[in-house]
1. Excluding ligands and nucleic acids, what accessible area in Å² is computed for Asp170 using a 1.4 Å probe, to the nearest 10?
2. Using only the heavy atoms of the protein chains and a 1.4 Å probe, how would His67, His99 rank by accessible area, largest first?
3. Using a 1.4 Å probe over the heavy atoms of the protein chains, calculate the carbon and sulfur portion of the accessible area of the stretch 2-221 as a whole percent.
4. Roughly how many whole Å is it from the C-alpha centroid of the stretch 181-224 to that of the stretch 112-165?
5. Can you pull out the trypsin sites (Lys or Arg not before Pro) in the stretch 24-77 that DSSP calls coil and that have at most 11 other Cβ atoms within 10 Å?
6. If DNA, RNA and ligands are ignored and the probe is 1.4 Å, what is the ranking of Thr194, Thr148 by accessible area, most exposed first?
7. Positive end of the dipole of the chain, charges at C-beta (+1 Lys, Arg; -1 Asp, Glu), about the Cα centre: which of Val176, Ala82, Pro112 has its Cα farthest in that direction?
8. Treating only the Cβ atoms of Lys and Arg (+1) and Asp and Glu (-1) as charged, compute the dipole magnitude of the stretch 146-196 about its Cα centre; round to the nearest 20 debye.
Amino acid sequence: MLIAPSILTADFTRLGAEVEAAFEAGIRWLHLDVMDGRFVPNISFGPLVVRALRPLAERFGAVLDAHLMMVEPERYLEEFVAAGCQYVTVHVEVSPHLHRTLQAIRALGARPGAALNPATPLSALEEILPELDLALVMSVNPGFGGQTFIPSCLDKVARLRRLLDARGLDRVALQVDGGVNPATIGSLRDAGATVAVVGSAFFTPQRSPAASVAALQAALSAPR
Ligand code: DX5
Ligand code: ZN
């Protein structure tokens, strides 16, 4: 299972150093939470920050993955791809023409993803699965780091796993985001998730990125 730290809880006064420490510790996927103050109550950052991290990510061969928690994401796809994102994920709740939006991401040369809020049924993705490179199951209501994992999302991950396997779509990354930490990551892996977004349990004043990687890896290698 890949660990994709979210920079949302990093120390932004020393963001480069924080991210570099994560890469030094073996991380090769960085999750960028873009919030617009409309789709979600919070405002985070935009393409400027992605662009600033790009040289560092390129130096380590790391993936930059933008999770767009914004209305009308199609207005900004080009900017995020130009800023260096390999994956761009939009929310189905704000994408009435999801097929077109995903194709637009692919046409720009990036990999398209679609995200589901906890209350959005899995069926919202069913018709579009073959167009996806990433499916994101939110396990908290998006907007803030540090929230508690919603346990019912585990079953959603398992059902999505079965759906992808049944259709021969195991190339699609199954990402889970929200409340992932050493206590919850193992059950997500068991349910079939392949990419774990970790925010407050990764970039925390409590421990270094290297110690966070070690804690998550230990949880993943513990006997089931
Ligand atoms: C939720 C974001 C997440 C979040 C993860 O709005 O999409 O990526 O910041 O943070 P934790 O791991 O603290 O729930
Ligand atoms: Zn996210």
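1. Number for this one is 110 Å².
2. Accessible-area ranking of His67, His99, largest first: His99, His67.
3. That fraction is 53 percent.
4. A separation of 19 Å, based on Cα centres.
5. Hits after loop and neighbour filter: nothing returned.
6. The ranking, largest first, comes out as Thr148, Thr194.
7. Val176
8. I would put it at about 160 debye.
The values are calculated or read from the model by the stated rules, or taken from the named source; none is laboratory data. From a predicted model like this one, the values you see are computed outputs, not experimental measurements. Counting neighbours? That spans all protein chains shown, and the Cβs are built from the backbone with ideal geometry, glycine included. Ligands, DNA and RNA are excluded from the accessible area calculation, which covers all protein heavy atoms including side chains. Shrake-Rupley method; radii C 1.70, N 1.55, O 1.52, S 1.80 Å.
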